[in-house]
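A.B. asks: This structure is in C-alpha coordinates; I'll ask about it shortly.
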Amino acid sequence: MSPYPKAEHATRVLVLNSGSSSLKYQLLDMRDGSRLAAGLVERIGEKTSRLVHTAPTGADEGRRERTDRIADHAKALEAVADELAHDELGLDSPELAAIGHRVVHGGLKFSEPVVVDDGVLAEIERLVPVAPLHNPANLIGIRTARALRPDLPQVAVFDTAFHRTMPEHAARYAIDTATADAHRIRRYGFHGTSHAYVSRRTAELLGKDPSEVNVIVLHLGNGASASAVAGGRCVDTSMGLTPLEGLVMGTRSGDIDPAVTFHLRRVAGMSVDEIDELLNKKSGLVGLCGDNDMREIRRRIDAGDERARLAFSIYIHRLKKYIGAYSAVLGRVDAVAFTAGVGENAAEVREAAVAGLEVFGLAVDAQRNAVRSGEPRIISPDGARTVVAVVPTDEELEIARQTFALVGEDRTAIV
Ligand code: ADP
(Lines give C-alpha, C1' and ligand atoms only; values in the text may rest on other atoms or scores of the structure.)
Protein backbone atom coordinates (compact mmCIF):
# COMPACT_ATOMS: atom_id res chain seq x y z
CA MET A 1 0.00 0.00 0.00
CA SER A 2 1.12 3.52 -0.65
CA PRO A 3 2.47 5.24 2.46
CA TYR A 4 0.87 8.44 1.22
CA PRO A 5 -2.79 8.95 1.98
CA LYS A 6 -4.83 10.03 -1.05
CA ALA A 7 -6.20 13.50 -0.59
CA GLU A 8 -9.77 14.11 -1.39
CA HIS A 9 -8.63 17.01 -3.50
CA ALA A 10 -5.06 16.61 -4.65
CA THR A 11 -4.73 19.84 -6.59
CA ARG A 12 -1.00 20.54 -6.68
CA VAL A 13 1.38 19.76 -9.51
CA LEU A 14 5.16 19.92 -9.28
CA VAL A 15 6.75 20.83 -12.63
CA LEU A 16 10.35 19.74 -13.22
CA ASN A 17 12.55 20.94 -16.05
CA SER A 18 15.77 19.00 -15.88
CA GLY A 19 18.81 20.13 -17.91
CA SER A 20 22.27 18.59 -18.17
CA SER A 21 23.55 20.41 -15.06
CA SER A 22 20.42 22.18 -13.83
CA LEU A 23 17.00 21.50 -12.39
CA LYS A 24 14.22 24.09 -12.51
CA TYR A 25 11.01 23.53 -10.60
CA GLN A 26 7.67 25.11 -9.80
CA LEU A 27 4.89 23.94 -7.54
CA LEU A 28 1.46 25.09 -8.72
CA ASP A 29 -2.00 24.91 -7.27
CA MET A 30 -4.32 23.96 -10.10
CA ARG A 31 -7.44 25.39 -8.50
CA ASP A 32 -6.30 28.81 -9.70
CA GLY A 33 -2.89 28.26 -11.32
CA SER A 34 -1.12 30.05 -8.45
CA ARG A 35 2.56 29.45 -7.76
CA LEU A 36 3.28 28.02 -4.32
CA ALA A 37 7.03 27.70 -4.82
CA ALA A 38 9.65 27.94 -7.53
CA GLY A 39 13.36 27.52 -7.82
CA LEU A 40 16.46 26.47 -9.64
CA VAL A 41 19.45 24.24 -8.93
CA GLU A 42 22.45 25.14 -11.07
CA ARG A 43 25.91 23.66 -11.59
CA ILE A 44 24.89 20.19 -10.44
CA GLY A 45 28.02 18.03 -10.10
CA GLU A 46 30.40 20.98 -10.02
CA LYS A 47 32.48 22.15 -7.04
CA THR A 48 29.93 24.68 -5.91
CA SER A 49 26.34 24.24 -6.93
CA ARG A 50 23.62 26.77 -6.28
CA LEU A 51 20.04 26.32 -5.22
CA VAL A 52 17.70 29.29 -5.18
CA HIS A 53 14.24 28.67 -3.77
CA THR A 54 11.35 31.11 -3.55
CA ALA A 55 8.03 30.44 -1.88
CA PRO A 56 5.79 33.46 -1.55
CA THR A 57 3.68 31.63 1.00
CA GLY A 58 6.57 29.82 2.65
CA ALA A 59 7.91 29.85 6.19
CA ASP A 60 10.66 32.38 5.40
CA GLU A 61 8.39 34.39 3.14
CA GLY A 62 10.65 34.54 0.20
CA ARG A 63 14.01 33.53 -1.05
CA ARG A 64 16.54 31.04 0.27
CA GLU A 65 19.83 30.14 -1.29
CA ARG A 66 22.46 27.46 -0.70
CA THR A 67 25.77 27.06 -2.49
CA ASP A 68 27.28 23.78 -1.28
CA ARG A 69 28.12 21.01 -3.73
CA ILE A 70 25.15 19.02 -5.06
CA ALA A 71 26.65 15.89 -6.60
CA ASP A 72 23.95 14.73 -9.01
CA HIS A 73 20.30 15.10 -10.04
CA ALA A 74 19.10 12.70 -7.36
CA LYS A 75 20.76 14.85 -4.70
CA ALA A 76 19.38 17.98 -6.39
CA LEU A 77 15.82 16.70 -6.23
CA GLU A 78 16.33 15.67 -2.59
CA ALA A 79 17.52 19.21 -1.86
CA VAL A 80 14.45 20.62 -3.62
CA ALA A 81 12.23 18.25 -1.62
CA ASP A 82 13.89 19.52 1.60
CA GLU A 83 13.22 23.14 0.63
CA LEU A 84 9.60 22.35 -0.18
CA ALA A 85 9.21 20.44 3.09
CA HIS A 86 10.61 23.44 4.95
CA ASP A 87 7.66 25.42 3.60
CA GLU A 88 5.26 22.59 4.40
CA LEU A 89 4.88 21.86 0.70
CA GLY A 90 6.82 18.57 0.81
CA LEU A 91 6.73 15.84 -1.84
CA ASP A 92 4.96 13.60 0.68
CA SER A 93 2.01 15.99 0.83
CA PRO A 94 -1.27 14.26 -0.01
CA GLU A 95 -2.23 17.38 -1.93
CA LEU A 96 0.37 16.65 -4.60
CA ALA A 97 -1.49 15.17 -7.59
CA ALA A 98 1.41 14.52 -9.95
CA ILE A 99 4.82 15.58 -11.17
CA GLY A 100 4.94 17.03 -14.70
CA HIS A 101 8.24 16.76 -16.56
CA ARG A 102 9.35 18.82 -19.51
CA VAL A 103 10.76 16.42 -22.10
CA VAL A 104 12.35 18.03 -25.13
CA HIS A 105 12.00 15.36 -27.80
CA GLY A 106 8.95 13.16 -28.18
CA GLY A 107 9.71 12.08 -31.76
CA LEU A 108 6.80 10.84 -33.87
CA LYS A 109 5.22 8.79 -31.15
CA PHE A 110 4.09 11.40 -28.64
CA SER A 111 1.55 13.98 -29.75
CA GLU A 112 0.04 14.27 -26.26
CA PRO A 113 1.38 14.23 -22.72
CA VAL A 114 1.62 10.73 -21.23
CA VAL A 115 1.80 9.13 -17.82
CA VAL A 116 5.30 7.68 -17.59
CA ASP A 117 5.75 3.92 -17.43
CA ASP A 118 8.70 1.71 -18.42
CA GLY A 119 7.60 1.73 -22.07
CA VAL A 120 7.51 5.55 -22.17
CA LEU A 121 10.97 5.72 -20.59
CA ALA A 122 12.32 3.29 -23.20
CA GLU A 123 10.85 5.41 -26.01
CA ILE A 124 12.36 8.65 -24.63
CA GLU A 125 15.66 6.78 -24.41
CA ARG A 126 15.29 5.63 -28.04
CA LEU A 127 15.09 9.31 -29.06
CA VAL A 128 18.45 10.23 -27.46
CA PRO A 129 20.26 10.17 -30.86
CA VAL A 130 18.00 13.01 -32.13
CA ALA A 131 18.17 14.98 -28.84
CA PRO A 132 21.58 14.07 -27.38
CA LEU A 133 21.82 17.13 -25.13
CA HIS A 134 18.30 17.22 -23.75
CA ASN A 135 16.60 13.84 -23.51
CA PRO A 136 19.27 12.20 -21.28
CA ALA A 137 18.90 15.05 -18.75
CA ASN A 138 15.09 14.82 -18.91
CA LEU A 139 15.32 11.05 -18.30
CA ILE A 140 17.48 11.55 -15.22
CA GLY A 141 14.87 13.98 -13.84
CA ILE A 142 12.02 11.50 -14.38
CA ARG A 143 13.91 8.51 -12.95
CA THR A 144 14.98 10.49 -9.89
CA ALA A 145 11.46 11.75 -9.21
CA ARG A 146 10.04 8.26 -9.74
CA ALA A 147 12.47 6.78 -7.23
CA LEU A 148 11.46 9.41 -4.67
CA ARG A 149 7.69 9.02 -5.13
CA PRO A 150 7.06 5.71 -6.96
CA ASP A 151 3.34 5.86 -6.24
CA LEU A 152 2.78 9.29 -7.78
CA PRO A 153 1.89 9.75 -11.46
CA GLN A 154 4.82 11.20 -13.40
CA VAL A 155 3.71 12.87 -16.61
CA ALA A 156 5.96 13.64 -19.58
CA VAL A 157 5.02 16.78 -21.53
CA PHE A 158 6.91 17.01 -24.81
CA ASP A 159 8.30 20.15 -26.46
CA THR A 160 7.63 18.60 -29.85
CA ALA A 161 4.05 17.43 -29.20
CA PHE A 162 2.15 20.56 -30.28
CA HIS A 163 3.87 20.40 -33.67
CA ARG A 164 2.75 16.82 -34.44
CA THR A 165 -0.28 18.24 -36.27
CA MET A 166 2.00 19.65 -38.99
CA PRO A 167 1.07 18.22 -42.38
CA GLU A 168 3.64 16.00 -44.09
CA HIS A 169 4.40 18.67 -46.70
CA ALA A 170 5.57 20.99 -43.89
CA ALA A 171 7.29 18.34 -41.78
CA ARG A 172 9.31 16.57 -44.47
CA TYR A 173 12.61 17.82 -45.84
CA ALA A 174 13.11 17.43 -49.57
CA ILE A 175 15.78 14.74 -49.25
CA ASP A 176 15.83 11.06 -50.21
CA THR A 177 12.83 9.52 -48.45
CA ALA A 178 14.48 6.21 -47.58
CA THR A 179 17.45 7.96 -45.94
CA ALA A 180 15.15 10.36 -44.10
CA ASP A 181 12.96 7.54 -42.80
CA ALA A 182 15.87 5.30 -41.84
CA HIS A 183 17.30 8.04 -39.63
CA ARG A 184 14.02 9.70 -38.56
CA ILE A 185 15.07 12.96 -40.22
CA ARG A 186 12.20 15.43 -40.42
CA ARG A 187 10.97 18.68 -38.90
CA TYR A 188 9.84 18.06 -35.33
CA GLY A 189 9.81 21.62 -33.97
CA PHE A 190 10.43 22.69 -30.36
CA HIS A 191 9.09 25.20 -27.78
CA GLY A 192 5.74 23.47 -28.45
CA THR A 193 4.44 24.01 -24.92
CA SER A 194 4.98 27.74 -25.33
CA HIS A 195 3.45 27.86 -28.82
CA ALA A 196 0.39 25.95 -27.53
CA TYR A 197 -0.04 28.22 -24.52
CA VAL A 198 0.54 31.50 -26.36
CA SER A 199 -1.68 30.68 -29.34
CA ARG A 200 -4.52 29.76 -26.98
CA ARG A 201 -4.03 32.88 -24.83
CA THR A 202 -3.98 35.00 -27.99
CA ALA A 203 -7.37 33.61 -29.00
CA GLU A 204 -8.65 34.47 -25.50
CA LEU A 205 -7.27 38.00 -25.86
CA LEU A 206 -9.29 38.30 -29.08
CA GLY A 207 -12.36 36.96 -27.27
CA LYS A 208 -12.54 33.94 -29.57
CA ASP A 209 -12.25 30.20 -29.44
CA PRO A 210 -8.81 28.91 -30.57
CA SER A 211 -10.57 26.96 -33.36
CA GLU A 212 -11.65 30.28 -34.91
CA VAL A 213 -8.31 32.05 -35.19
CA ASN A 214 -5.09 31.86 -37.17
CA VAL A 215 -2.03 33.02 -35.26
CA ILE A 216 1.66 33.48 -35.96
CA VAL A 217 3.53 32.95 -32.67
CA LEU A 218 7.03 34.43 -32.40
CA HIS A 219 8.80 32.88 -29.39
CA LEU A 220 11.89 35.07 -29.09
CA GLY A 221 14.05 34.05 -26.14
CA ASN A 222 17.68 33.06 -26.19
CA GLY A 223 16.43 30.21 -28.36
CA ALA A 224 13.83 31.46 -30.84
CA SER A 225 11.17 29.89 -33.00
CA ALA A 226 8.11 30.87 -35.02
CA SER A 227 4.97 28.86 -35.61
CA ALA A 228 1.91 29.11 -37.82
CA VAL A 229 -1.17 27.99 -35.90
CA ALA A 230 -4.44 27.52 -37.81
CA GLY A 231 -7.55 27.07 -35.70
CA GLY A 232 -5.52 25.90 -32.70
CA ARG A 233 -3.38 23.41 -34.66
CA CYS A 234 0.23 23.94 -35.61
CA VAL A 235 0.70 23.82 -39.39
CA ASP A 236 4.34 24.90 -39.60
CA THR A 237 7.22 25.82 -37.33
CA SER A 238 10.74 27.12 -37.84
CA MET A 239 12.82 24.71 -35.75
CA GLY A 240 13.49 21.37 -37.41
CA LEU A 241 15.17 18.06 -36.60
CA THR A 242 16.97 20.03 -33.90
CA PRO A 243 16.50 23.53 -32.43
CA LEU A 244 19.21 24.88 -34.77
CA GLU A 245 16.98 25.74 -37.74
CA GLY A 246 14.97 28.90 -38.36
CA LEU A 247 15.30 32.31 -36.74
CA VAL A 248 18.54 34.02 -35.73
CA MET A 249 18.96 33.19 -32.02
CA GLY A 250 21.18 34.23 -29.14
CA THR A 251 23.94 31.77 -30.02
CA ARG A 252 22.48 29.68 -32.90
CA SER A 253 22.69 30.56 -36.57
CA GLY A 254 19.19 29.48 -37.54
CA ASP A 255 18.73 28.91 -41.30
CA ILE A 256 21.92 28.41 -43.22
CA ASP A 257 22.91 26.77 -46.52
CA PRO A 258 23.70 23.16 -45.45
CA ALA A 259 26.71 23.30 -47.77
CA VAL A 260 28.34 25.71 -45.31
CA THR A 261 28.94 22.68 -43.10
CA PHE A 262 30.66 20.74 -45.93
CA HIS A 263 32.75 23.81 -46.63
CA LEU A 264 33.79 24.15 -42.99
CA ARG A 265 34.73 20.45 -42.94
CA ARG A 266 36.54 20.26 -46.26
CA VAL A 267 38.05 23.72 -46.63
CA ALA A 268 38.39 25.02 -43.07
CA GLY A 269 39.29 21.54 -41.74
CA MET A 270 36.93 21.75 -38.79
CA SER A 271 35.69 18.58 -37.09
CA VAL A 272 31.98 17.78 -36.95
CA ASP A 273 31.98 18.59 -33.22
CA GLU A 274 33.65 21.93 -33.87
CA ILE A 275 31.07 22.80 -36.53
CA ASP A 276 28.27 21.73 -34.18
CA GLU A 277 29.66 24.02 -31.50
CA LEU A 278 30.19 26.88 -33.96
CA LEU A 279 26.60 26.81 -35.22
CA ASN A 280 24.90 26.12 -31.88
CA LYS A 281 27.00 28.09 -29.42
CA LYS A 282 29.12 30.67 -31.27
CA SER A 283 26.72 31.92 -33.95
CA GLY A 284 23.52 33.97 -33.99
CA LEU A 285 23.73 37.32 -32.22
CA VAL A 286 26.81 36.32 -30.20
CA GLY A 287 28.65 35.26 -33.35
CA LEU A 288 27.66 38.39 -35.20
CA CYS A 289 28.49 40.98 -32.56
CA GLY A 290 29.81 39.27 -29.41
CA ASP A 291 26.64 39.79 -27.34
CA ASN A 292 23.46 37.74 -27.19
CA ASP A 293 21.51 39.89 -24.75
CA MET A 294 19.16 42.21 -26.61
CA ARG A 295 19.47 44.85 -23.87
CA GLU A 296 23.22 45.06 -24.39
CA ILE A 297 22.81 45.10 -28.18
CA ARG A 298 20.34 47.97 -27.86
CA ARG A 299 22.78 49.88 -25.63
CA ARG A 300 25.59 49.40 -28.15
CA ILE A 301 23.40 50.51 -31.06
CA ASP A 302 22.48 53.66 -29.13
CA ALA A 303 26.21 54.26 -28.66
CA GLY A 304 26.74 54.03 -32.43
CA ASP A 305 28.19 50.49 -32.59
CA GLU A 306 28.02 49.26 -36.22
CA ARG A 307 28.49 45.54 -35.51
CA ALA A 308 25.62 45.57 -33.04
CA ARG A 309 23.44 47.44 -35.55
CA LEU A 310 24.17 44.92 -38.31
CA ALA A 311 23.47 41.97 -35.97
CA PHE A 312 20.12 43.55 -35.07
CA SER A 313 19.28 44.09 -38.76
CA ILE A 314 20.09 40.47 -39.63
CA TYR A 315 17.92 39.28 -36.72
CA ILE A 316 14.99 41.46 -37.84
CA HIS A 317 15.35 40.56 -41.53
CA ARG A 318 15.00 36.84 -40.71
CA LEU A 319 12.01 37.51 -38.47
CA LYS A 320 10.26 39.42 -41.26
CA LYS A 321 10.88 36.60 -43.72
CA TYR A 322 9.13 34.17 -41.37
CA ILE A 323 6.19 36.52 -40.78
CA GLY A 324 5.81 36.76 -44.57
CA ALA A 325 6.21 33.02 -45.11
CA TYR A 326 3.70 32.09 -42.41
CA SER A 327 1.22 34.68 -43.69
CA ALA A 328 1.35 32.80 -46.98
CA VAL A 329 1.05 29.42 -45.23
CA LEU A 330 -2.00 30.56 -43.20
CA GLY A 331 -3.71 32.65 -45.89
CA ARG A 332 -5.57 34.67 -43.28
CA VAL A 333 -3.71 35.89 -40.19
CA ASP A 334 -5.81 37.12 -37.27
CA ALA A 335 -2.93 37.82 -34.92
CA VAL A 336 0.83 37.93 -34.58
CA ALA A 337 1.89 37.23 -30.99
CA PHE A 338 5.30 38.11 -29.55
CA THR A 339 6.51 36.15 -26.54
CA ALA A 340 9.55 35.07 -24.39
CA GLY A 341 12.38 37.29 -23.10
CA VAL A 342 12.95 39.36 -26.25
CA GLY A 343 9.37 39.22 -27.58
CA GLU A 344 7.88 40.32 -24.25
CA ASN A 345 10.41 43.03 -23.41
CA ALA A 346 12.09 44.46 -26.49
CA ALA A 347 9.67 47.03 -27.94
CA GLU A 348 12.23 48.00 -30.60
CA VAL A 349 12.32 44.40 -31.90
CA ARG A 350 8.52 44.29 -32.20
CA GLU A 351 8.42 47.65 -33.94
CA ALA A 352 11.19 46.76 -36.40
CA ALA A 353 9.77 43.28 -37.12
CA VAL A 354 6.46 44.63 -38.43
CA ALA A 355 7.78 47.88 -39.95
CA GLY A 356 6.94 47.98 -43.64
CA LEU A 357 4.52 45.04 -43.39
CA GLU A 358 1.38 47.19 -43.80
CA VAL A 359 0.65 45.09 -46.87
CA PHE A 360 -0.08 42.21 -44.46
CA GLY A 361 -2.30 44.47 -42.35
CA LEU A 362 0.42 44.73 -39.70
CA ALA A 363 1.30 47.79 -37.65
CA VAL A 364 2.11 48.70 -34.06
CA ASP A 365 0.86 51.68 -32.11
CA ALA A 366 3.95 53.36 -30.63
CA GLN A 367 2.33 54.17 -27.30
CA ARG A 368 0.82 50.73 -26.81
CA ASN A 369 4.09 49.09 -27.83
CA ALA A 370 5.97 51.08 -25.18
CA VAL A 371 3.78 49.82 -22.29
CA ARG A 372 5.61 47.43 -19.95
CA SER A 373 3.37 44.83 -18.34
CA GLY A 374 3.24 41.14 -17.52
CA GLU A 375 -0.26 40.87 -18.97
CA PRO A 376 -1.29 39.85 -22.49
CA ARG A 377 -1.92 43.03 -24.46
CA ILE A 378 -2.72 44.31 -27.94
CA ILE A 379 -0.15 46.70 -29.42
CA SER A 380 -1.66 47.27 -32.87
CA PRO A 381 -3.88 50.29 -33.56
CA ASP A 382 -7.66 49.93 -33.21
CA GLY A 383 -9.26 48.51 -36.32
CA ALA A 384 -6.07 46.89 -37.64
CA ARG A 385 -6.75 43.96 -39.99
CA THR A 386 -4.29 41.78 -38.07
CA VAL A 387 -3.89 42.15 -34.31
CA VAL A 388 -0.32 42.43 -33.07
CA ALA A 389 -0.05 41.31 -29.44
CA VAL A 390 2.41 40.70 -26.63
CA VAL A 391 1.44 37.49 -24.86
CA PRO A 392 3.77 36.46 -22.01
CA THR A 393 4.48 32.74 -22.14
CA ASP A 394 4.21 30.42 -19.13
CA GLU A 395 5.60 27.01 -20.00
CA GLU A 396 5.44 25.75 -16.40
CA LEU A 397 1.76 26.59 -16.05
CA GLU A 398 1.04 24.89 -19.38
CA ILE A 399 2.98 21.75 -18.32
CA ALA A 400 1.08 21.73 -15.03
CA ARG A 401 -2.23 22.25 -16.83
CA GLN A 402 -1.61 19.38 -19.24
CA THR A 403 -0.38 17.16 -16.40
CA PHE A 404 -3.41 17.89 -14.26
CA ALA A 405 -5.80 17.42 -17.16
CA LEU A 406 -4.37 13.90 -17.52
CA VAL A 407 -4.31 12.78 -13.89
CA GLY A 408 -6.15 15.27 -11.69
CA GLU A 409 -9.14 14.05 -9.74
CA ASP A 410 -11.10 17.20 -10.37
CA ARG A 411 -10.01 18.09 -13.87
CA THR A 412 -12.40 20.95 -14.23
CA ALA A 413 -10.84 23.05 -11.48
CA ILE A 414 -8.32 24.62 -13.71
CA VAL A 415 -7.44 27.98 -15.14
P1 ADP B 1 15.50 31.28 -22.67
O2 ADP B 1 15.50 30.88 -24.10
O3 ADP B 1 16.85 31.16 -22.02
O4 ADP B 1 14.34 30.73 -21.86
P5 ADP B 1 14.25 33.88 -22.27
O6 ADP B 1 12.93 33.69 -22.89
O7 ADP B 1 14.33 34.05 -20.80
O8 ADP B 1 15.31 32.83 -22.76
O9 ADP B 1 14.92 35.17 -22.96
C10 ADP B 1 16.19 35.60 -22.61
C11 ADP B 1 16.58 36.77 -23.49
O12 ADP B 1 15.58 37.79 -23.39
C13 ADP B 1 17.86 37.47 -23.07
O14 ADP B 1 18.98 36.85 -23.68
C15 ADP B 1 17.67 38.88 -23.61
O16 ADP B 1 18.15 38.97 -24.94
C17 ADP B 1 16.17 39.07 -23.66
N18 ADP B 1 15.65 40.02 -22.67
C19 ADP B 1 15.33 39.79 -21.39
N20 ADP B 1 14.89 40.94 -20.81
C21 ADP B 1 14.94 41.90 -21.75
C22 ADP B 1 14.63 43.31 -21.79
N23 ADP B 1 14.17 43.95 -20.72
N24 ADP B 1 14.80 43.97 -22.96
C25 ADP B 1 15.27 43.32 -24.04
N26 ADP B 1 15.58 42.02 -24.08
C27 ADP B 1 15.44 41.32 -22.95
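A.B. asks: So what is the calculated 222 nm ellipticity per residue for the chain, using -39500 (n - 2.57) for each DSSP H run with n of 4 or more, over all residues, to the nearest 500 deg cm²/dmol?
C.D. replies: Mean residue ellipticity, 222 nm, calculated: -10500 deg cm²/dmol.
A.B. asks: Tell me the accessible surface of Leu206 in square angstrom (1.4 angstrom probe, heavy atoms of protein chains only), to the nearest ten.
C.D. replies: 40
A.B. asks: With a 1.4 Å probe and all protein chains left in place, how much accessible area per residue does the stretch 129-178 have, in Å²? Intermediate values should be presented prior to the final figure.
C.D. replies: Working: 2230 Å² over 50 residues.
Ligands and nucleic acids excluded, the result is 45 Å² per residue.
A.B. asks: In the chain, what percent of the accessible surface is made up of carbon and sulfur (1.4 Å probe, ligands and nucleic acids excluded)?
C.D. replies: 52
A.B. asks: Of His191, Pro129, Phe110, which is farthest towards the positive pole of the stretch 56-191's charge dipole, taken about the Cα centre with +1 and -1 on the beta-carbons of Lys, Arg and Asp, Glu respectively?
C.D. replies: Of the candidates, Pro129 comes out farthest on the positive side.
A.B. asks: Cα axis of helix 73-86 to longest principal axis of the chain: angle in degrees, 0 to 90, nearest 10?
C.D. replies: Between the helix axis and the principal axis of the chain, the angle is about 70 degrees.
A.B. asks: May I ask for the Kirkwood hydrodynamic radius of the stretch 70-154, worked out over all distinct Cα pairs and given in angstroms to one decimal?
C.D. replies: It works out to 13.8 Å.
A.B. asks: Going by Cα centres, the stretch 336-368 and the stretch 174-239 are how many Å apart?
C.D. replies: About 19 Å separates the Cα centre of the stretch 336-368 from the one of the stretch 174-239.
The values are calculated or read from the model by the stated rules, or taken from the named source; none is laboratory data. Since this is a predicted model, take the numbers as computed values, not measurements. Glycine also receives a Cβ, built like all others from the backbone with ideal geometry; neighbour counts cover every protein chain displayed. Surface areas here come from the heavy atoms of the whole protein model, side chains and all, with no ligands, DNA or RNA. Shrake-Rupley method; radii C 1.70, N 1.55, O 1.52, S 1.80 Å.
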